[in-house]
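Notes for the one structure printed next.
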Amino acid sequence: MRDFVCPHCGQQLAFENSVCLNCGNAIGFDLAARDFAVLGEGGTTVLEPARKMCANLHVAACNWLVPVDGEPLCRSCSLTRTRPADGDPALPAFAEAEAAKRRLVVELVELSLPINDRTADPEKGLTFDLLSSEHENVITGHDSGVITLDLAEGDDVHREQLRISMDEPYRTLLGHFRHETGHYFFFVLAETGPARQEFEKLFGDPDLDYQEALDRHYSQGAPEGWEDNYVSSYATMHPAEDWAETFAHYLHIRDTIDTAAAFGFAPAGAAATQPLAGDVGFDRMIALWLPLAWSLNMLNRSMGHKDLYPFVLPPTVLDKMRLVHKLVAASNTPAEVNATV
C-alpha cells in the first residue's frame, strides 16, 4: 500500500480516510489513479472527470469514488452480492470486512490480475456474500467464484478462538479474503493448459476428493515433517488449499514489501508498482522479504507481541510461490479495465 497525502494541504492520509483531518476537506480514493482526490462543495471532485463518493460511504465506511453519471457503487462494493440488511447489528462487522476487501481489490489491480465480476461472467465471475453466523450457519469459503465470509470473523475474540481451535499461526479478515480469492484465481490462472501441468507437478491433483481430504486432515492432522514442503499445516490438506495458502502468502509478501518501500523501509524499486516479472524479479522479491520479515518479527517481539509473520519459506514452498508469481505476471490485465465498475 502506498503512502498517501492530501491533495489540498499535503497532510499524510490513511487509506481509509474520507476527510483530511488537517484541512477538513472531504476526500475520496480514485482506484484508477490509485490516489486521493478532493471533493468540492457539491460533493464531486474538482478535477475532471467529475466523481462522487460511493453510495456505501455510510453503510460500509467506503471512501472510494465513482463517476457522477455511472453506477452508485465503487469497484470493490459492486463485487458484494449479499450483505446484512440496513439496521442489522452485523453492519459494523460488514463495514470492517469491506475495508479489508478494498485493500484486496487495490492489490489485485496493482498486480494486473483480472477481476471478472458476475456481470462479465454470470456463472463463475467473482462475487462476495458477506453474512454473519450470529443469525445463520455461515461457512467461509469459495464456490465457483462466490466467496462467502462469516462476518463474525471481524470479532477479535471469535476469530482468536477459531485460530486456536484450528491451530493457525494467525487469522485475519484480509488473510481470509486473500486465501479465498486464491481459490478463484486457480480457475482463472491454472485450471487448464500448460499451467495445469506445472500446477500438478508442484501441488498435486486438484481433483482429489475434497471431503475425504478434509476429514483426514481434521482427524489425523498434518503429516510429520510438513514444514519442509508447505507454507502452513492447513496447506497440507489438499492441493487446492496448498495453492490458496501459497497464493495468499504471495499477496501478503507483495503488499508488505510495497508498503515498506512507500515508507522507506525497503528500496523504492521494490514496490509492487515496479516491474518484478520473471525469476530474477521473484528472487529479488524474496531477497527483500526475508530480512524485512525478520525485522518485523523482532519489532513485534520488542512490543511484547508474537511474530508478525510466523512462517518459514523452505525451497519447495518458494518453488510453488514462484509458479504463482509466473502465472500472475502472465495474466497482465490492464489496470484501467479492473478499475472500471
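The values are calculated or read from the model by the stated rules, or taken from the named source; none is laboratory data. Keep in mind it's a predicted model, so treat the numbers as computed, not measured. Because the Cβ atoms are built from the backbone with ideal geometry, glycine has one as well, and the counts that use them run over all protein chains shown.
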Checklist entry - Taking the stated definitions as given, is S78 in contact (Cβ under 8 Å) with a residue 60 or more places away in the chain and either farther than 22 Å from R178 by Cα or out of contact with any Phe, Trp or Tyr (no Cβ under 9 Å at 6 or more places or on another chain) (or both)? => result yes
Checklist outcome for this item: Residues of the stretch 189-206 being of a type in the set (D, E, K, R) and at pLDDT 95 or above, in sequence order, are R196, E198, E200, K201, D205
Item to check | Matching option when the condition is surrounded by 13 or more Cβ atoms within 10 Å (Cβ to Cβ), without any contact (Cβ under 8 Å) to a residue 40 or more places away in the chain, among the aliphatic types (A, V, I, L, M) and not in a loop (DSSP other than H, G, I, E, B), among A244, A240, A235 | outcome: A235
Next on the checklist: Filter the stretch 114-155 down to the residues that are aliphatic (A, V, I, L, M) and in contact with a Gly (Cβ under 7 Å, 6 or more places away or on another chain) and list them by number.
Outcome noted: L126
Next on the checklist: Considering only residues that are assigned to a strand (DSSP E or B) and within 23 Å of N332 (Cβ to Cβ), which ones fall in the stretch 81-125?
Outcome noted: D117
Checklist outcome for this item: Taking the stretch 52-92 and keeping residues among the hydrophobic types (A, V, I, L, M, F, W, C), at positive phi and surrounded by fewer than 16 Cβ atoms within 10 Å (Cβ to Cβ) leaves none
